[in-house]
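Here the structure is laid out as structure tokens; the discussion comes afterwards.
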Amino acid sequence: SLETPGGIKYIDIYKENGKVVSARVNMGAPILKSRDIPALFDSDTVIDLPLKVGTKSYRVTCLSMGNPHCVIFSNDADSVNIQKTGPEFENHPAFPDRINTEFVQPLSDSRIKMRVWERGAGETLACGTGACASIVAAVMTGRADRHVVMDLLGGSLTLDWSPDDGHVYQEGPAQFVFDGEWLGE
């Protein structure tokens, strides 16, 4: 288990020949109530609702996975001018705590492509909570199944939104980055 600002996350580690090769994380259940995201809409939930951002109108689905997300579906995620549109969403008055924004292109019922604008960071190669928000939004709007492979700029993840416990499970490859010594208690 790992304590995060978004709550405790439970992780299953998978090894081959004594080396960790992948991990599966229980990311918890999505928060769908507008006031708890927070997202300032007249509706109790924000599922495929219109929102004017800059000079364009978008259909948005908003939820929280411990942090706020706004998911927009696109026919071509690569063509989105994320450097312009990302900050417009992040700082929109509908999102008092600012928002992470996912630009999602369903490729099939079981495969999705996603780009992400993270609040305070800009476009990043991947976002675990954003991937979870994207599968939830895709399922709620009839664009994908509950089990998908999600292609991000930094690689692919496997996601499952369980109908049993309502939690989103995320699995991806593990790779050695650095080592260190834990000096905690």
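The values are calculated or read from the model by the stated rules, or taken from the named source; none is laboratory data. The shown structure was predicted, so the numbers you read here are calculated from the model rather than taken from an experiment. Note that we place each Cβ from the backbone using ideal geometry, even for glycine, and neighbour counts take in every protein chain shown. The area values use the complete protein model at the heavy-atom level, side chains included, leaving out ligands, DNA and RNA. Shrake-Rupley method; radii C 1.70, N 1.55, O 1.52, S 1.80 Å.
Among residues of region 120-143 that are open to solvent by 10 Å² or more (accessible area, probe 1.4 Å), those with a beta-carbon under 8 Å from a residue that is basic (Lys, Arg) and assigned to a strand (DSSP E or B) at least six positions away or on a different chain give the pairs GLU123/ARG115.
Of the candidates ASP48, ASP12, ASP42, ASP36, the single residue that is under 21 Å from VAL139 (Cα atoms) and open to solvent by 60 Å² or more (accessible area, probe 1.4 Å) is ASP36.
Take region 161-175 and flag every residue that is at negative phi and touching a residue at least 24 places away in the same chain (Cβ under 8 Å).
Passing the criteria: TRP161, ASP165, HIS167, VAL168, TYR169, GLN170, GLU171, GLY172, PRO173, ALA174.
Each residue in region 1-59 was checked for being in a helix (DSSP H, G or I) and in contact (Cβ under 8 Å) with a residue 12 or more places away in the chain, and 2 pass. Of the residues examined, PRO87 is not one that is touching a Leu at 6+ places or on another chain (Cβ under 8 Å) and either open to solvent by 10 Å² or more (accessible area, probe 1.4 Å) or assigned to a strand (DSSP E or B) (or both).
Taking the residues in region 152-168 that are out of contact with any helix residue (DSSP H, G or I) (no Cβ under 9 Å at 6 or more places or on another chain) and either open to solvent by less than 10 Å² (accessible area, probe 1.4 Å) or not in a loop (DSSP other than H, G, I, E, B) (or both) as candidates, determine which candidate is nearest to THR4 (Cα to Cα).
Filtering region 152-168 for residues that are out of contact with any helix residue (DSSP H, G or I) (no Cβ under 9 Å at 6 or more places or on another chain) and either open to solvent by less than 10 Å² (accessible area, probe 1.4 Å) or not in a loop (DSSP other than H, G, I, E, B) (or both), the one nearest to THR4 (Cα to Cα) comes out as THR158.
Here THR101 fulfils each of the conditions (1) without any contact (Cβ under 8 Å) to a residue 24 or more places away in the chain; (2) open to solvent by less than 30 Å² (accessible area, probe 1.4 Å) apart from (1).
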